[in-house]
Structure formats: structure tokens, C-alpha cells
Amino acid sequence: MTTMLVHLVSALLLCCATADQTTMQYTYTSYVYLWGETKQTFRVSASVEVDEIGPARGPYEGTEAVLYLVHLYHINIEAIKDGKVVKNKPDVKKPQLDELYGKPFRFIQKKNLEIAEVQFQRSDIENTEAVNFKKGVLSAFQAHNDDQDEEDVEETDVLGRHTTHYRVTHFNHTKQIKKSYKTDDIKTFGNNDVNKDGVDVDVEEETTVDETNRITETKGVMKIRIKRNIAREKRYADENSPHTIYVMAKDVDIADNFDSDNTYDMKFNNETRRSSSRKRRMAELDTSKGEDSFITTSLIGDFSPENAKMHRYNKLLELVEEEGLTKILKRFYDTPTDGDILRHLREALNLENLLHSKPASSKDHGNTKPKNLEGATHVNLIDKVVKETKTKLSDCLSHWDLCKGIVNLYIVGGQAAGEKMIKVMLAMDISDTNLNEFLSLLTPMKNPSDALVNAVRKKYQDESSEVKTTLMFTLTALAGERSVSEELRAAITKSMLEKLSTINKDNCQADDSMFDVLEATGNLADPAIIDRMIQIGKDCMNKPALVMGTVHALAEICSDQRVVEYYTFLIENAVCDVKLTVIGSMRDKISSDIVEGRHGSWPREEYNSLDLRLKDIYNENSGDFHCIHDEIFNYFSDKPDNRGEGFLTSGGRSKRGLSHYSCSAWGPYGSRYTSIQSSSSFSSDNWKYPDNRHCLAHFRLGVSSANANLYAGAFAGINRKYCNWKIFARVYANANVLGKSFYIASAHFYQYKYGTLINLRAYLKIGYKTYVDYTSRIKTTLSQTWSRDWHWDIDIWGINIYVASLTLRVTIKPRVDFKVKINPCNSGCAVCATVTPKATLQISGGAAVSVLGLKGGLDVNVRLNYLVDGVGKIGVYSGVCVGLYHGHDPMTVFFSAWYQWWWGGRQTWSPNTLSWRVASASRKTIYWNCLAGWPWYRRPVFTIASRDQIQIT
């Protein structure tokens, strides 16, 4: 009976809706020009046949809107290099693209040529690449043909929603409709937030229609560029070019090599009468059910960050399988200090971990495997790694470098197999030094389970040594991950707040351990801490260090309105150091949102009452707020939408070159060195330890669109009368990559004696998470190296440029090597230390395009590094000496263009004009100076604690 009804409906459609209709035939050609000087080009062509089905029904009844059916035939894609088509290898059989991309689709077009709806078959809808390609072709049929010669229209196409500017020119029998739109006209990019602050778009199109309102030709060009902050770049060029340390003889702008253009032309060929077989096929499509029924969807192209990660993951798997996992590991076993051997393996494991993850609140948390990774025969890479390496854990006591590299694979890969081995490590009896380093690797782990967090929690509760502080930071950092259940996070938050219960308006005393608790509590990023932090801050305004601790703790959740109001209160009422800390925490939040790919919240996006107040403060430039004037400018510059600096009046910011050093005064130099320590700490050092030597330095290195700023400071000082001394070194780095600015890392060491108190602290901060590596409250001999490398994948943009899908993802890989060596000196009132922080920034990844099964890309690898070596010696009689040195290992910039048919091999070429290498620079002295010690007979030395005289003979 059902079959008879289908045939009856088909017959009615054949005799009525399609009786006298014709098929319009077009030729579509598109050239996708990619990657600047690499000159990679793809040519796409297809025959487009459009059938008019009849008047559109439903809400379009009586509007003269028409329903059309589209078939694509003779679909072809070619790679062009040096003006010539690259041929397939003879043994590679190219599939029929018509079979893969040729399923018909429908659209409804209004009388004014606006496309109201697009419909795809249910079986085609999940084929994102095919659907986006068809949407790209279909966008060439969209225009606006009203009576007005100039008009701005709200419009939707494959790129997104935007305001389109139309201009119509009339001829005898035709109209020429020109349309254009740019970045500022775009309301939303596709179905994602990735592109809001990453891409500049410029579209120009021209459509010709005849007297019957039929489109006879559409041609145009879409230009894609990385969004630039021209004012900021000019300011950097004016201030810094004579001082910047470039990685080659002259600067190069890597952003220029990510330019992409798409030109397209769709021409009307002819019109033919529809055959009876075609009419029958149209009728069958119209009445089809199940997987072949038509589904209405938006014309906006689909972009999936998960698919982008999956493409990168599969590419890395190919690289690992090509060499062989066993061979890669064997090379590492032979040279365990060479971390680069495992870099592809680490990145693949990290992506696999991310692709398996879901928030703990997900209802189906037990089934976390994405559809792409499902399958009975699939074995996770982490499982293979564990199987190959688990026997090596027995070497941890004797071969720590080898053990550390393997354990890092378990941490990066996570999941059940990786976590099982991490728990084995937690239970091992290893030295405090190695345990500290293991915990520093574990701290930034992604997607830990409740079981692993509880294992770290138990280790923390049972620990009694000074490693307990490091464990606290590791525990709170892991508990702050969204993969951890809300119940467990709440329990850990409660225990951390209990440690702060003694602080109130009558007791604002706090030592370093209390500051550690505040920092660690901030790792949780739990809104439950907000009210308590605000209460501590307002009760203890007379203790700026404590107030700054609460600001640090709230940095990751500062978009909460309660925190905004608290920050506003501090800007108005707190001392200068606190004001600077508030703005610094807002800048840290922007950085963390960029590297974590978060959109939609203040301070990265949007402007609120605090921004308006900071705007007034900056523009008024009054003395009460002079200390934060430059930092306000930097904060608004960090906002990636380019509107921030326009918020401020011009000319107020003090100009300064980036390259700078000074060893004559130990101070913040305006706000330049407030990232090293607060203004009050500089002052405190000078009066507590009046006999001192010190040096501060600031470098900028890299190339345009990929560079880093490095700040360093070293201090050694003594108060000989009371035998008080302090030695201090810190390095701080931030990066500017393809229009995005963010904080990378800091390494910090100090040891001081004041009265009877001796304190030593060394810690690292990577991204927005802080973790302590070593603390000691006794005089000690120490020789330890801490190394930490991590990476963030940052989506710069991911969009559909008509027939092509284009992505730009950058992997930022900071690494900090931090060496501390403390030796005994000749007298009891002395310390000799060498502190060597080395910061490395590697920028890799690049852009990729996908067109009809042909994928291409531009891989870029920028490796920057800088070594700052601080040496300090302090003694009552031996003198006070400080040295600051700098140098670098080899630095490189390397580009490689590639393309690959998914049915064939990968081809690569590397333009020689786009690669540079700079050899290492030997260590150079910035500063070395000593202050002579006392003669042995000079005078008695007193201690603050007892005022007992120590007789010197």
C-alpha cells in the first residue's frame, strides 16, 4: 500500500510540478591560493545543474520563493605548483569525487535572490566536509536584488552572519550586483567562537542577472589574513627595532605566510528541457524517507575544533607508526636527555587524552571515547606505550632521566593506563629531589580522574617532609580540572579554606606557608572561595602581601561580579603594589583564556564598569594612580579584539625601548620590572640589606608575529651588623604569537636570613598555575635542576572559505630549565649560590586546508630560547658579588608546505627563502661586580635575635 502511495505521489509530481520545467547548467571554478611565498594553489571545478521544483511551501507560501534541486557533477580537484598541475603517481587510483560529494541538495530562494533555506539528505548531513563544500558552491547563488541601488543587508552564508553592502548597476538587459563585507561587518563566524579575535576577512563579489532575474555569472574573491593590531606593531617597531634580538640578520613577519585567497567564478552555460528519467528521480527524492530524506539546515558552514584535533592526532599517529614506537623508545633509552626524540609521541598522547575527555558532570562519563576513536580493533596509543615501557620503572632509582621521560608520557597520555602507572610512581620510595620533579610534571596534567586525585590527596595527607608543599600545589591543580567531580573539588576546597581560618581582622599575620595556601587555593578556580578571599582582603588591608595573595587566588575566576567589585575596591583604596597585582591578575586571566581556548567572558572579551573606571584613570593620569598608568595601557592592549587601545586617549603612555638593563638601582623602573617583584619588595630589599649588588635586564627576541619578552633580575645583599642576608633571582617571560599575547612562565628563587629566620624557596609558574618545587627553612647545601615543558594548542582561526575549510592552530611549547646550586662559604654568616633559569619558546603547528579530500598546509616551527645566568655570593668578610650573564642555544625558523590526497601519498617542499638558522651565542657578561667584605678585625657582629656580641679575634 505504501509503495502504491509513493508511485501515486510521484506521478502527480511528474505531471504537474515538473511538467514544463528546465534544468539550468553552470560551471563552477575556484582557485585557493595559500601560504604567501610558498605559493600553494588548489584548483576546484564542478558542473552545477539546478532544477526548479516549484513554489516553496510552508511559511514561504505566496512569497514567490522557489524550491530548487542541485546536482554536482564532474567534481575535480588539482594541486598546482609553480604554475603546473601536479600529477598523481601512476600507481595511485583516484576515487570518483562525484560518488563522494555528488549527493543532491535543495535550497529555497526568495524573489530578491536571498537564500532562505538549504536542505541536505539525512545520509549526507554528518559528512561535514561534503556539506561545507556544497554550502560554499551555493553561496555563489546568493545576492540581493531589490529596487534600491545601494543597501546594507543582514545576510548568512557559509562564512557566517554579517552585514553585506550591496551596490546595483543597471544595463540594457542585465543588472550587475556588487557585494562586499569585511571583518567588522561579521556578527558571528560560522558555528564557533574561534575566529572572533584571530582573523581578518575581506570579500568582494559581483553577480550578473538577466531580465528574467536569472543569475548568469558570479565571480569574486575572499581574502583571509591574520588579524593584526597595526597600532601595537608600529609602536613595537618604533621603540624596539634597534634593540630586538632577531633570530636572523633581518626581521621576517611569519604572519604574512598565512595569507590565503579564494577566487571563484560560476558561469551559466545553457538551459535544457528536463528528461523524464530526471523528473522521476526528482519525484523519488521528494518522497524519500529514512536516511535519504531532506533535512533543513543553515547555510553557515560547520567547523569542529574536535575534528581539527582529530586530523592532527591522525597525522601524528602516522609519523609515530612510520618510524615505529619501539624504535622511537629505543632511541630515547640510548639518549634519555634528548627530550625532542619523544615530542611527536607526547603531542599524540596529549591529543588522545583530550579527545577522550568529558566533564565529570556528563551523564555518560563512563563512555568517554569519541566516535572517531571507537572500534573493536582500536588500541589506544597510551596502552601501547605502557606495554612497551612499564618494565623501565624499575630503573627510576638509578636512571632518573630515563624514568622521568617515560613517566611524563604517562602523565601526558592520562586515561586508565597512564593513571595506573602514575599511581605506581606515587607509591615508590624515591628521593625528595626526584619526587619534587615528578610532582612538577604531574601538576599540569589534563583530565585526571577522581581516583588519581584521591591518590595524590592521600599522599599529601600522609606526607610530613617539605615535599608536602609541592604536593599541595599538585593536588589543587589537578582538582581544578573540569574532569574532576564537583563533590571531590568541593571537599578539597573546604580543606584549603580551613587552613585560612585563623586569618581575620584581629589577626592578619601570615608567613610564606600561608601565601602558599592562598596560591594553591587559586589553582582550584572554585567560586566557593570568592567570599572568603574578599573577606580576608578587606580585613587585612594593612597587610598588602596578604591582599595580593587573595588577588592571585581569584585570578582564574575574576569574571565573577563579586570579584569585579572587589578588584574595583582595591584599585580605589589599596596601595600601589596591590593595584598593580589586580591589573596583573586580569592580564593573566586573558592569557589563560587564550591558551585554553575560552571565549565569551570578561576580561578577554566584553567591557564592564571596572574597564570604564580604568579608562577614566588612564585618561586623567592623576598622581594617585600614576604607578598603574602603563599597566592599564598594557591591559587594554592585551584584549584581542583591537578595541581596547581605542578606549584610551592617545599620547599618555611613556615610551620605552624594550631592550634594557640596569645595575645601578634596584627598583621597578616605573612598571617595567614589577613582574620580577613588587615595588615595596624592591624598597624592602634596599633597607633590610643595605650592602648589596644587583642587576636587572629585559630582552625581546624572535621575529614579527612570533616573539618573546624576557625579564630577569638578580640580587645579593647583606646587613653585616646583624648577619642578615638575601640572595634572589627571577626570570619572567611572555609571548606574542600571531596577534595574541600571553604569559608563558616564570622561575623564581630566593634564600634569605632575617634574625633567626632562614627561608629558601624555588618555584615555577607555567601558564596560570603555580607550583612550588622546593622550600626549606634551614641553611642547606643544594644542587638541583628542575625542568618543565608543556604545550598549549591555540586555535587562531577555523573557518570555511566557500569551497575550502581553513584552519590555523598553533602549538606553544614553553620550557623552563631552572638550576640552583648552593655551596658552603667560608664563614657561617654567608651563602654562595648560582641560579640559572633558561626559558625556551617553541612555536609549531601551522595552517591546514581541506578541499574535496585534498589536504594541504603550511607547517611552521619557530624555536626561540634564551639563557639568563645569575650568580650571587654573600659573606660578612668575603664580600657581596652579583653576576648576570646571557646567551642562547641555536634558534631557528622553518617553514614546510605540504599537500596530500587522502587516497595517496604526502608531498612536501620547503622554500629556502622561508627558513633560517642562527648558531648558538656563547655566554656574555651583562654585569659582574663585588662589594668588598669587612676585615676580620673590623667590628663586632650582632644577631637580631639575642643581641649577643660575637667576639672576633
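What the table shows:
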| item | result |
| --- | --- |
| Pairs with Cβ under 7 Å, 6+ apart, first in the range 715-731 and open to solvent by 20 Å² or more (accessible area, probe 1.4 Å), second basic (Lys, Arg) | 719/688 |
| Set 749, 699: member being open to solvent by less than 10 Å² (accessible area, probe 1.4 Å) and at pLDDT 70 or above | 749 |
| Filter result (open to solvent by 30 Å² or more (accessible area, probe 1.4 Å) and either in contact (Cβ under 8 Å) with a residue 24 or more places away in the chain or touching a helix residue (DSSP H, G or I) at 6+ places or on another chain (Cβ under 9 Å) (or both)) within the range 155-179 | 156, 161, 165, 173, 174, 175, 176, 178 |
| Meets criteria (among the small types (Gly, Ala, Ser), surrounded by 16 or more Cβ atoms within 10 Å (Cβ to Cβ), within 29 Å of residue 615 (Cα to Cα) and under 28 Å from the mean Cα position of the chain (by Cα)) for residue 549 | yes |
| Of residues in the range 475-500 being in a loop (DSSP other than H, G, I, E, B) and modelled with pLDDT of 90 or more, the one nearest to the chain's Cα centre (by Cα) | 481 |
| Any chance residue 441 is open to solvent by less than 20 Å² (accessible area, probe 1.4 Å), more than 21 Å from residue 351 (Cα to Cα) and of a type outside the set (Phe, Trp, Tyr) | no |
| Unique residue being at pLDDT below 90, closer than 24 Å to residue 596 by Cβ and not hydroxyl-bearing (Ser, Thr, Tyr) when the list is 392, 404, 369 | 369 |
| Some residue of the range 313-320 being under 28 Å from the mean Cα position of the chain (by Cα) and at pLDDT below 75 | no |
| Filter result for residue 588 (surrounded by fewer than 21 Cβ atoms within 10 Å (Cβ to Cβ) and part of a helix (DSSP H, G or I)) | no |
| Which listed residue, of 505, 499, is over 26 Å from residue 416 (Cα atoms), surrounded by 16 or more Cβ atoms within 10 Å (Cβ to Cβ) and among the basic types (Lys, Arg) | 499 |
| Residues of the range 563-578 satisfying the condition of being part of a helix (DSSP H, G or I) and more than 27 Å from the chain's Cα centre (by Cα) | 565, 566, 568, 569, 570, 571, 572, 573, 576, 577, 578 |
| Lone unmet requirement of (1) over 27 Å from residue 46 (Cβ atoms); (2) crowded, with 20+ Cβ neighbours inside 10 Å; (3) polar (S, T, N, Q) for residue 148 | (2) |
| Condition met for residue 510 (open to solvent by less than 60 Å² (accessible area, probe 1.4 Å) and over 30 Å from the mean Cα position of the chain (by Cα)) | yes |
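The values are calculated or read from the model by the stated rules, or taken from the named source; none is laboratory data. The structure displayed is predicted, hence computed values, not measured ones. So basically every Cβ, Gly included, is an ideal-geometry build from the backbone, and we count neighbours across all protein chains shown. Heads up: the accessible areas ignore ligands, DNA and RNA and are worked out on the full protein's heavy atoms, side chains in. Shrake-Rupley method; radii C 1.70, N 1.55, O 1.52, S 1.80 Å.
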